[in-house]
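Engineer: Pasting a structure below so you can have a look.
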């Protein structure tokens with residue numbers, strides 16, 4: 001009986017130790033991160049799972065992997081900033097260019113004024129005409145074609161998000177065509193080209 005007890009205890013100890021290899025990257029470093037960074041990393045873990053499981057149908061089949069990770073800048077509080085929202089009254093409806101001949105219609109909805117690195121910056125927020133609850137902020141910055149995807153990145157908003165007054169580039173993400181040429185993706189209008197490097201959010205996939 002004592003012999004079997006020793007075996008069981010040894011197995012339990014081994015199982016506890018080996019379980020660490022199944023931790024996500026963010027879980028492994030949670031003790032060293034702020035609560036905010038932990039939240040960002042957990043969100044990224046969920047995005048990795050959605051993409052690399054193939055459940056969203058974006059990645060090519062040969063890229064599907066049980067341990068795949070998208071590429072990100074380290075969470076950075078300095079790119080989580082307060083903004084002032086300026087609505088655009090009777091904003092014009094226009095056809096936003098994409099990487100294909102598709103031309104989705106958007107309305108110029110408002111401007112987000114904010115400061116990064118002592119520079120006053122502004123991004124225009126667009127409202128999808130077919131899905132008016134969807135507010136869209138495509139942008140380019142000085143990391144495009146270097147650390148981040150060359151054609152720009154996106155941020156999403158809903159009406160309620162405007163009340164928070166928080167613009168968080170740590171959640172900036174790549175358009176689907178960054179992973180798969182079969183997708184059609186909006187191209188950020190010239191007015192949303194930032195003349196600084198936004199070292200936050202998602203990096204280029206490869």
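Engineer: Which order do 118, 39 fall in if you start with the one that has the fewest other Cβ atoms within 10 Å?
Structural biologist: Working: 118 5, 39 14.
Fewest-to-most Cβ neighbours within 10 Å comes out as 118, 39.
Engineer: So what is the relative contact order of segment 68-206, in percent, for Cα pairs below 8 Å that sit 6 or more residues apart?
Structural biologist: Values: 295 pairs, mean separation 42.5, N = 139.
Relative contact order, segment 68-206: 31 percent.
Engineer: In addition: Could you please rank 111, 146, placing first whichever residue has the fewest other Cβ atoms within 10 Å of its Cβ?
Structural biologist: Numbers: 111 16, 146 10.
Neighbour counts put them in this order, fewest first: 146, 111.
Engineer: Modelled label-to-label distance, residue 43 and residue 90, 7 Å Cα→beta-carbon offset: nm?
Structural biologist: Each label point lies 7 Å from its Cα, and together they span 3.6 nm.
Engineer: Then there's this: Quick check: convex hull of the Cα atoms in segment 128-206, volume per residue, rounded to a whole Å³? Kindly include the intermediate steps, with their values, before the conclusion.
Structural biologist: Working: hull volume 8.0 nm³, N = 79.
Once divided by residue count, the hull of segment 128-206 is 101 Å³.
Engineer: A follow-up question, please. At 0.36 nm per residue, minus the direct Cα-Cα distance, what do residue 195 and residue 74 gain on full extension? Give it in nm, one decimal, please. Don't skip to the end; give the middle numbers.
Structural biologist: Details: separation 121, 0.36 × 121 = 43.56 nm, distance 2.09 nm.
Between residue 195 and residue 74, full extension yields an extra 41.5 nm.
Engineer: Sticking with this one: Return the distance in nm (one decimal) between the two label points of a simple spin-label model at residue 97 and residue 82, each offset 7 Å from Cα along Cα→Cβ.
Structural biologist: Label-label distance for residue 97 and residue 82, simple model: 3.7 nm.
Engineer: Under a crude label model (7 Å from the Cα following the beta-carbon direction), how far is residue 122 from residue 181 in nanometres?
Structural biologist: Between residue 122 and residue 181, the label points sit 3.9 nm apart.
Engineer: Sort 98, 74, 124 so the one with the fewest other Cβ atoms within 10 Å of its own Cβ comes first. If you can, show how the numbers build up before the last one.
Structural biologist: On the way: 98 17, 74 11, 124 21.
Ordered by Cβ neighbours within 10 Å, fewest first: 74, 98, 124.
Engineer: Post the alpha-carbon centroid distance, segment 31-91 to segment 180-197, in whole angstrom.
Structural biologist: 17
Just so you know, all these numbers are worked out from the coordinates, no wet-lab data involved. The structure presented is a predicted model; accordingly, all values stated were derived computationally and were not measured. Every residue, glycine as well, gets a Cβ built from its backbone with ideal geometry; the counts of neighbours run over all protein chains shown.
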